[in-house]
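Taking it in order: structure first as structure tokens, then the write-up.
The values are calculated or read from the model by the stated rules, or taken from the named source; none is laboratory data. Note that the structure is predicted; figures quoted are calculated from it, not measured. Every residue, glycine as well, gets a Cβ built from its backbone with ideal geometry; the counts of neighbours run over all protein chains shown. Note: accessible area is taken over every heavy atom of the protein model, side chains too, but ligands, DNA and RNA are not part of it. Shrake-Rupley method; radii C 1.70, N 1.55, O 1.52, S 1.80 Å.
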Amino acid sequence: MIRHKKPWCAVPSEAIVAVLPRLKWQTSGSARPSADAAALMLYVALNFTAEVETDDQGKRLGRASVSYAELEHITGLSRALISTGLKRLVEFGLIASTGSDQKRGYVIPWASNRWFKLPCRAILSDGKIRPFQQLSLRGKRELHALKLYLYLASIRDNRLPFSMASHEKIHKRLGIPEGEIRRAHSLLTSIGFLAGIDSEFQGIEKVNEPNKYYLTGFQSLIVKEIQQAV
């Protein structure tokens, strides 16, 4: 359960950024098309519940102990999707499962010490991640939106309150068709993951110009000196 309400959560960046382009809205073996979207939701939830430790080799890792019932509460996912989503995370090497069926734990490996901040307190209510409760996982738009959200969080400069990326760059890094990127960030805004989007340029002929994306809770992400100046 998410008992703490930290302003933000540290998420290891290298592995998840590498996996994002591989996530597709398609059937994979016995897994439904929604499996990869569920996996991303669970990855966020596990990071929110994990305690970060340092192992004997000096490498950082996250360790989460959370039940299916708690994951249902946090994400709004069914038990079937939780099972499938966790399996996908294991397949991608994003988590390792430990313990028994009675007391299951999850280790989140950090491939390096690179990490990014994900807003936590601003999107939580009653131990639930609010935007997740509004997702039905019935179409690829939701997978695109989740991929975009994590990518935008990962590329933000710690000195700035926003992330900046053109549609062309997003397509190249995530594999989302350029024609569907606007629908993805519109969904992020409507469910509360994005607080706002500003155009960097105003030229009417620039259709793929970079936008400034403000994550909900962005005020807590920047260092104190910069925060006071904004």
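Observations
- For the condition free of Cβ contacts under 8 Å to residues at least 40 places away in the same chain and of a type in the set (S, T, Y), S97 qualifies.
- Residue under evaluation G93, criteria (1) part of a helix (DSSP H, G or I); (2) within 20 Å of S28 (Cβ to Cβ); (3) not charged (D, E, K, R), criterion not met: (1)
- Condition check for R63 on (1) under 21 Å from P109 (Cα atoms); (2) open to solvent by 20 Å² or more (accessible area, probe 1.4 Å); (3) touching a residue at least 60 places away in the same chain (Cβ under 8 Å): one failure, at (3).
- Summed over the stretch 158-197, residues that are among the aliphatic types (A, V, I, L, M), part of a loop (DSSP other than H, G, I, E, B) and crowded, with 18+ Cβ neighbours inside 10 Å total 1.
- Of all residues in the stretch 149-188 being of a type in the set (S, T, N, Q) and farther than 24 Å from A39 by Cα, the one that is nearest to the chain's Cα centre (by Cα): N158
- The set of residues from the stretch 6-52 being under 22 Å from D126 (Cα atoms) and of a type in the set (K, R) comprises just one member, K6.
- Among residues of the stretch 135-162, those that are over 24 Å from L221 (Cα atoms) and not hydrophobic (A, V, I, L, M, F, W, C), counted: 6
- Complete set of residues in the stretch 3-35 that are in contact with a Lys or Arg (Cβ under 7 Å, 6 or more places away or on another chain), at pLDDT below 85 and open to solvent by less than 70 Å² (accessible area, probe 1.4 Å): A31
Results for (1) assigned to a loop (DSSP other than H, G, I, E, B); (2) of a type in the set (A, V, I, L, M, F, W, C); (3) in contact with a Phe, Trp or Tyr (Cβ under 9 Å, 6 or more places away or on another chain); (4) within 16 Å of L137 (Cβ to Cβ), shown as yes or no for each residue.
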| site | (1), (2), (3), (4) |
| --- | --- |
| I2 | yes, yes, yes, no |
| A15 | no, yes, yes, no |
| Q26 | yes, no, no, yes |
| D56 | yes, no, no, no |
| L77 | yes, yes, yes, yes |
| T84 | no, no, no, yes |
| R88 | no, no, no, yes |
| A111 | yes, yes, no, no |
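- Hey, K147 of a type in the set (D, E, K, R) and under 16 Å from L194 (Cβ atoms) or not: yes
- All positions within the stretch 113-157 that are open to solvent by 60 Å² or more (accessible area, probe 1.4 Å), in a loop (DSSP other than H, G, I, E, B) and not hydroxyl-bearing (S, T, Y): N113, R114, D126, R138
- Pair list, Cβ < 9 Å and 6+ apart or interchain, from the stretch 122-143 residues that are without any contact (Cβ under 8 Å) to a residue 12 or more places away in the chain to residues that are assigned to a helix (DSSP H, G or I): S125/Q133; D126/H73; S136/E142
- The residue pairs whose first member lies in the stretch 165-185 and is under 17 Å from I155 (Cα atoms), whose second member is open to solvent by 10 Å² or more (accessible area, probe 1.4 Å) and of a type in the set (F, W, Y), and whose beta carbons are closer than 8 Å, counting only pairs six or more residues apart or on different chains, do not exist in this structure.
- Output for the stretch 111-157, where each listed residue is small (G, A, S) and closer than 22 Å to S13 by Cβ: A111, S112, A122, A145, A153, S154
- Against the test of being modelled with pLDDT of 95 or more and among the hydrophobic types (A, V, I, L, M, F, W, C), the options I191, I197 yield a single qualifying residue, I191.
- Scanning the stretch 77-92 for residues that are touching a Lys or Arg at 6+ places or on another chain (Cβ under 8 Å) and within 17 Å of N47 (Cβ to Cβ) yields a single hit, F92.
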